[in-house]
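Please read the structure below before turning to the comments.
The values are calculated or read from the model by the stated rules, or taken from the named source; none is laboratory data. Fair warning: this is a prediction, and the values are worked out from it, not measured in the lab. Cβ coordinates were reconstructed from backbone atoms using ideal geometry, including for glycine residues, and neighbour counts include every protein chain displayed.
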Amino acid sequence: MSKTLENLQAAFAGESQANRKYLAFAEKAEAEGFKQIARLFRAAAAAETVHAHGHLKAMDGVGDTGANLKSAIEGEGFEFKDMYPGFIAAAREEGNKKALRMFEWANTVEEVHYGLYQEALKTYETGGDLPAADIWVCSVCGNTVTGACPDKCSVCGVPGGKFAKID
């Protein structure tokens, strides 16, 4: 692997993490009443997204929808089959309950994503798009549901009001 490709991968990872961190910081600032600081964090997060997307494109990491679905299936499969089980075991061994809960929830949800992407790929390969349906994401565990908003999250158990509709 070339040094430039290594650098692009590192830059993509760093910019992606900064985006998510700044969005979390914005939520906290907003909750504490600092609206303009929250706006600044969201603006920086948007800029980090521009950088991350640029790095990904420079790595030729965005293909057509079929290739992107296959990439997503591979990534989600790795996460729930290989990555998170090891993380869960370590957190359990160390007695870190907060990490354990998040790892278990993420592991379950990554398998849900894996299935959703597999379904989308099958539909794509027949020349179609998925049928129109609402998509909901639990703000606590990330559970992703298509169709009607559930009354209760099947992963973490919170009320359906904690789900956000994705446009």
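Here is a list of conditions, (1) within 24 Å of E119 (Cβ to Cβ); (2) among the β-branched types (V, I, T); (3) in a helix (DSSP H, G or I), and T4 meets all of them except one; can you say which number that is?
(1)
Scanning for something at pLDDT 95 or above and farther than 17 Å from C153 by Cβ, does region 105-113 turn up at least one residue?
Taking every residue of region 105-113 in turn, none turns out to be at pLDDT 95 or above and farther than 17 Å from C153 by Cβ.
Give the residues of region 119-167 that are outside the structural domain of E104 (by TED's automatic domain parsing) and in a helix (DSSP H, G or I), sorted by residue number.
G160, G161, K162
Look through region 106-137, keep the residues that are among the aromatic types (F, W, Y) and out of contact with any strand residue (DSSP E or B) (no Cβ under 8 Å at 6 or more places or on another chain), and return whichever of them is farthest from D64 (Cα to Cα).
Per the criteria, the residue is Y114.
I'd like the residue in region 10-28 that is among the aliphatic types (A, V, I, L, M) and exposed (fewer than 13 other Cβ atoms within 10 Å of the Cβ) and, out of all such residues, is nearest to A72 (Cα to Cα).
A13
What's the total number of residues in region 29-45 that are surrounded by 13 or more Cβ atoms within 10 Å (Cβ to Cβ) and either among the polar types (S, T, N, Q) or within 20 Å of the chain's Cα centre (by Cα) (or both)?
4
Inspect all residues belonging to region 81-99 and state whether any of them is assigned by TED's automatic domain parsing to the domain that holds A120, of a type outside the set (A, V, I, L, M), without any contact (Cβ under 8 Å) to a residue 24 or more places away in the chain and not in a helix (DSSP H, G or I).
Yes, region 81-99 contains at least one residue that is assigned by TED's automatic domain parsing to the domain that holds A120, of a type outside the set (A, V, I, L, M), without any contact (Cβ under 8 Å) to a residue 24 or more places away in the chain and not in a helix (DSSP H, G or I).
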